[in-house]
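The values are calculated or read from the model by the stated rules, or taken from the named source; none is laboratory data. Bear in mind that the values here come from a model prediction, so they are computed numbers and not experimental data. Note that we place each Cβ from the backbone using ideal geometry, even for glycine, and neighbour counts take in every protein chain shown.
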Amino acid sequence: MAEERLEFQAEVSRLLDIVARSLYSKKDVFLRELISNASDACDRLRYAALTTPDLLSDDAAFQIRLSIDKDAGTLTIADNGIGMDRTDLIDNLGTIAKSGTGAFLEQMQGDAKEDLALIGQFGVGFYSAFMVADKVDVFTRKAGDAQGWRWSSDGKGSFEIGEADGLKRGTRIVLHIAEDSREFLDRSRLEHIVRTHSDHVAVPVVMAGEDGADNRLNRAAALWTRGKSDITDEEYKDFYQHVGHGFDEPWATVHTKAEGTVEFTALLFVPSQPPFDLFTPDRPHHVRLYVRRVLVSEGAEGLIPPYLRFLRGIIDSEDLPLNISREMLQSNRMVGKIRQITTKRVLSELVKRAKDDEEGYEAFWQSFGAVLKEGLYEEPDQRSALLELARFRSTAGDGWTDLAGYVSRMKEGQNAIYFITGDNEQALQRSPQLEGFRAKGIEVLLLTDPIDDFWTAGVEAYEEKPFKSVTKGGADLAAIGKEEEATDEPKPAPDVADLVVRLKAALGSAVKDVRASERLTDSPVCLVADEGDMDMHMERLLRQHRQVDMASQRILEINPRHGLLQGLEHMTAGAEFDDMAHLLLDQARILEGESLPDPAAFSRRLSAAVERGLTTS
Ligand code: ADP
Ligand code: MG
């Protein structure tokens, strides 16, 4: 019979190389990974059999069976789940299909120590078998297929695949245990690992005894059906790692039962490490939906709002029909209700955590805040809870602040919550538009997530204080902080009305308007958006993503107290004045992070101006 030798995808080879080199301190995770996969395979067949009962034939009692052959030096893990055909084998065990593992590989340094720490965080699924085995054989026959297959590899660059006859349905993985891992041929060692880490697995896990009788190792009751007080943190963690395919600890656990119009149990986790696919465009979630203990889908649309897509875990409904299709799920009223109740419970848990564990909450926000803020934009119902949860960087200090904190620091006469959006905090801190606010001690929120431009446009206010961009509209600074600052109120600004008119004439349609600035104290000029126009950062963002290709006209604000402007005031009209006007505008564009429409003209004007300066001095 034809055996074929195939190369692993390059990434798999790299991964296996690291696995092999690693003196991983917790090698026993391989067993959890393989049992986790076997249990998934049973879940998937159970679901497929709802519509095609024949798939089960006469083998309907799912089971995961471990057996040891000390003489041959092998440990076998067998399941009667869905199995794999040839394509499945190549796709699942020869390439890296999981987005997480791909991204994990990108982060790898080639530095054994750091890579090892990463493996510890993310796990490597099936490939962890090569931590303890120098050869792995997989015998498998897919439910409904007549032909079985054998996959075999020493984990060094390639694998063999060929037909195998006489196989039972499901997958049998034979590990040829390496010399330095012989402890995994020890019955009591294996039993201990399964009892402690795989008890939550809902399929019975048995160990073949020396006398031929099977010995059941786990209680095989779905973890979420048990009472909270009966479940240890360790059990929650093992279950989280199973359903979340993660390797970190859950930062928060929400285990809740809803009764009434809809009846369901949710067991959801917030990871402590951000998953890798958090910002893929279709924003998938990975929560599993069970209907009366049968897994019907993972990531069903409509079950979890996209802004909570970092959640891992399960929801088990008592009411949904078992044969519900993916399309029906989306529009199902009951699913909507489940989403609503779950969302509320998760958010209130987060509110609680924010109060009880400030530091942990800030780490959570650092990882998932940008996702959660999408809810401000797309779920008005949860706005007030989300505004309460939100944390911000601001000009007031290095740490995070919440909105209540901001409001408590607002100045006399200030009635808006000021913010500025941009790509990074350091650049924002240097924005000329902040100068006037800083001079008056008015705090400004520094927003650097792309989503910030969107929610700030949609959310009107927090506790009746409107959000206001400092790069948009008038600054209205005169009315703020009058009393406290009255003593060192600066001299009235020189009148520049005439200069404004002349600049406007020189710049023509390149600007929407020119005006004397209230917000500048040090810089000569800055750009701002008109009240009704799109925010400048948002427009740049949309241009980058080719959502718009226009460039709105902006307002050029000039600083009447700045020497440059005062000098300009005395310049006579003519080509030189026009050049200076354009140089000012280009300078404002550069400060704003806009690109120059005509860099050649800018360079010519700048050279001419510098030359004039050098020759006259
Ligand atoms: P993950 O479980 O996170 O998807 P793994 O590396 O553990 O990643 O497994 C890769 C894939 O191989 C699984 O998604 C599944 O499709 C397939 N697979 C692994 N073990 C089995 C098994 N016992 N039965 C059927 N399919 C399996
Ligand atoms: Mg797995």
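Only one entry of SER272, SER348, SER317 meets the criterion of being among the small types (Gly, Ala, Ser), closer than 30 Å to ALA60 by Cβ and not assigned by TED's automatic domain parsing to the domain that holds ASP398, and that entry is SER317. Within the range 558-573, one or more residues are in a helix (DSSP H, G or I) and charged (D, E, K, R). For the range 268-297, filtered to residues that are aliphatic (A, V, I, L, M) and more than 20 Å from ASP43 (Cα to Cα), the residue that is surrounded by the most Cβ atoms within 10 Å (Cβ to Cβ) is VAL270. Can you give me the number of residues within the range 125-150 that are within 16 Å of ligand 2 (Cβ to nearest atom), in contact (Cβ under 8 Å) with a residue 60 or more places away in the chain and under 19 Å from ALA41 (Cβ atoms)? Total satisfying the criteria: 5. Of the candidates LEU16, LEU56, LEU66, LEU75, the single residue that is out of contact with any Gly (no Cβ under 7 Å at 6 or more places or on another chain), in the same structural domain as ASP134 (by TED's automatic domain parsing), within 16 Å of ligand 1 (Cβ to nearest atom) and under 19 Å from SER153 (Cβ atoms) is LEU75. The number of residues in the range 497-544 that are without any contact (Cβ under 8 Å) to a residue 24 or more places away in the chain and among the polar types (S, T, N, Q) comes to 1. Screening GLU531, GLU464, GLU518 for residues that are on the phi < 0 side of the Ramachandran plot and out of contact with any helix residue (DSSP H, G or I) (no Cβ under 9 Å at 6 or more places or on another chain) leaves exactly one candidate, GLU531.
Taking the criterion of being loosely packed, with under 14 Cβ neighbours inside 10 Å and not hydroxyl-bearing (Ser, Thr, Tyr), the residues of the range 359-391 that qualify are GLU359, ALA363, GLN366, PRO380, ASP381.
Going through (1) modelled with pLDDT of 95 or more; (2) surrounded by fewer than 15 Cβ atoms within 10 Å (Cβ to Cβ); (3) within 24 Å of GLY313 (Cα to Cα); (4) not polar (S, T, N, Q) one by one, LEU350 falls short only on (2).
Against the definition (more than 16 Å from ligand 2 (Cβ to nearest atom), on the phi < 0 side of the Ramachandran plot and either modelled with pLDDT of 85 or more or exposed (fewer than 15 other Cβ atoms within 10 Å of the Cβ) (or both)), how does ARG14 come out, yes or no? Spelling it out, it is not the case that ARG14 is more than 16 Å from ligand 2 (Cβ to nearest atom), on the phi < 0 side of the Ramachandran plot and either modelled with pLDDT of 85 or more or exposed (fewer than 15 other Cβ atoms within 10 Å of the Cβ) (or both). Of the residues making up the range 593-617, those that are at pLDDT below 90, outside any loop (DSSP other than H, G, I, E, B) and of a type outside the set (S, T, N, Q) are ARG612, GLY613, LEU614. Are there any pairs, at least 6 apart or on different chains, whose C-beta atoms fall under 9 Å, with the first in the range 84-97 and within 11 Å of TRP151 (Cα to Cα) and the second modelled with pLDDT under 95 and within 15 Å of ligand 2 (Cβ to nearest atom), and if so, which? As it stands, the answer is MET84/ASP91; MET84/ASN92; MET84/LEU93; LEU93/VAL12; LEU93/PHE126; LEU93/TYR127; GLY94/VAL12, since those pairs meet every condition given. Of all residues in the range 259-279, those that are closer than 18 Å to GLN366 by Cβ have Cβ atoms under 6 Å from Cβ atoms of residues that are among the acidic types (Asp, Glu) and part of a loop (DSSP other than H, G, I, E, B), 6 or more apart or on another chain, in PRO271/ASP248; SER272/ASP248; SER272/GLU249; GLN273/ASP248. Scanning the range 483-500 for residues that are surrounded by 10 or more Cβ atoms within 10 Å (Cβ to Cβ) and among the β-branched types (Val, Ile, Thr), we see that the one that is modelled with the lowest pLDDT is VAL496.
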